[in-house]
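Enquirer: Submitted below is the structure of interest, expressed as structure tokens.
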């Protein structure tokens, strides 16, 4: 997540998530509330203090905690189509850990 400062600088805020959506700001503009998720974390409702960059997880969508080593992290794909254009996608290679293969589908509803 990044914040555009009044002077035009872009400041990164490390939330621990790679996807942020339904972002709402407090009236004073000092905090933002949003849903966030990633390839290795379930979706959560978080609060970000925009001045200190402090991130607070307010509610997790699942209390199940799995080691990140069990999650397949996607690789981005780009391949040519017609007329010099490209198609894009994500490739999730299976992860096998401890001789177990987990299949877990997660969907975000925005």
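The values are calculated or read from the model by the stated rules, or taken from the named source; none is laboratory data. It should be emphasised that the depicted structure is a prediction, and the values quoted were computed from it without experimental measurement. Glycine gets a Cβ as well: all are built from the backbone with ideal geometry, and neighbour counts include every protein chain shown.
Enquirer: Return the pairs, sorted by first residue and then second, in which the second residue is modelled with pLDDT under 85 and part of a strand (DSSP E or B), the first residue lies in the range 45-70 and is farther than 13 Å from residue 12 by Cα, the beta carbons are less than 6 Å apart, and the residues are 6+ apart or on different chains.
Expert: From the range 45-70, the pairs are 69/97; 70/97.
Enquirer: Next question. Considering only residues that are surrounded by 12 or more Cβ atoms within 10 Å (Cβ to Cβ) and modelled with pLDDT of 85 or more, look in the range 57-85 and name the one that is farthest from residue 43 (Cα to Cα).
Expert: For the range 57-85, the residue satisfying everything is 57.
Enquirer: Quickly run through the range 1-44 and pick out the residues that are without any contact (Cβ under 8 Å) to a residue 40 or more places away in the chain and at positive phi.
Expert: Within the range 1-44, 8, 16, 29 qualify.
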